[in-house]
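Report on the structure given below.
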Amino acid sequence: MKKLLALLLLFGIVGCSPSKEDIVAIEKKNLNVSISSCNLMRESSDNDGVLRLREVNAAREKMGKKLFLGTDTDIKVSIYYGLCSLLVLDDPLYDIKLKERIDSEKAQRLLAEQERLKKEEENRKQSKELEDSVFALFVLKVHLLSSEDNANKMVAQINEGGFPAFFEIDSDTKRYAVFVGPFFEETDITDNIDLIQKAAESNSAEISRWEL
């Protein structure tokens, strides 16, 4: 009698178990409920926290799942990372997948920041190279004269000697500084220093950078 009762109970339990088709149908229904709930919450405003909390719990009640005890911030995070359905479904892998998404985003941000810094460094180097090669020239300061007329005469004399020259007012002394140049390379001055000094009637070797 006991064996017969046990067999009847076993068959009863097996007979009450849902079929694979039933399980698939339930899972599909729950997924649709979660998608519908998430679509509604995505359209809600940032201040509709109460609405989102109610919607999650209403969806879970339909699915026969436990109440959501998290916060509205948790819901908004799930929406941001595209995991809203898993949160509503109370998926056991939700926390793991959320961490993966957060870590992936951090890695992408770090890579983007590294690329930005690399690009800035490349632009800085290019600007420096351009500045050095195009705008930074070299001049030899040969005289500091008291009159513009004398400065003009000295420039003309240096030009006749075969070298470019110009003058400008010295900001400290307010006198007229005469320069030979500009030259693209410092060696253009050092290799011809004797001829330049002779043309300028000066022993100066004061080479400096001159920028346009």
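Listed values, structure above:
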| read-out | value |
| --- | --- |
| Alpha-carbon gyration tensor eigenvalues x 5, square-rooted, for region 10-107, Å | 29, 17, 11 |
| Cα-based helix-to-principal-axis angle, 94-130 vs the chain, degrees rounded to 10 | 10 |
| Using θ = phi - 60° and Karplus 6.51 cos²θ - 1.76 cosθ + 1.60, couplings along region 63-73 (whole Hz; Gly, Pro as x) | 8, x, 9, 5, 4, 7, 10, x, 10, 5, 4 |
| Accessible-area ranking of Leu117, Leu137, Leu69, largest first, probe 1.4 Å | Leu69, Leu117, Leu137 |
| Residue-level accessible surface for Leu40, protein heavy atoms, 1.4 Å, Å² | 80 |
| Difference of contour (0.36 nm per residue) and Cα-Cα distance, Asn47 to Glu148 | 28.9 nm |
| Candidate lysines for bridging to Lys65, where Cα separation is under 24 Å - those fewer than 8 sequence places away on the same chain excluded | Lys20, Lys28, Lys29, Lys76, Lys97, Lys99 |
| Whole-percent carbon and sulfur share, accessible surface of the chain, 1.4 Å | 56 |
| Distant alpha-carbon pairs in region 111-212 (separation over 19 angstrom), percent | 51 |
| Residues listed by number, region 68-86, amide nitrogen under 14 Å from Asp95 label point at 7 Å toward C-beta | 69-70 |
| Amide H contacts under 5 Å for Arg175, placed H, 5+ residues apart | Asp170 |
| Helix-derived mean residue ellipticity, 222 nm - over the chain, DSSP H n ≥ 4, -39500 (n - 2.57), to 500 | -19500 deg cm²/dmol |
| Between region 36-89 and region 177-195, the Cα center-to-center distance that results, in Å | 76 |
| Estimated FRET transfer efficiency (Ser171, Ser127; beta-carbon r; R0 22 Å; 0.05) | 0.25 |
| Helix axis angle, 148-160 relative to the chain longest principal axis, alpha carbon, degrees | 90 |
| Exposure ranking of Val180, Val155 by accessible area [1.4 Å probe, largest first] | Val155, Val180 |
| Solvent-accessible area per residue, Å², over the chain with all protein chains present [probe radius 1.4 Å] | 71 |
| Percent of Cα-Cα distances greater than 20 Å, calculated over the chain | 75 |
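The values are calculated or read from the model by the stated rules, or taken from the named source; none is laboratory data. Note that this is a predicted model, so its numbers are computed, not measured. Counting neighbours? That spans all protein chains shown, and the Cβs are built from the backbone with ideal geometry, glycine included. When the accessible area is computed, the model is the full protein with side chains, heavy atoms only, and any ligands, DNA or RNA have been set aside. Shrake-Rupley method; radii C 1.70, N 1.55, O 1.52, S 1.80 Å.
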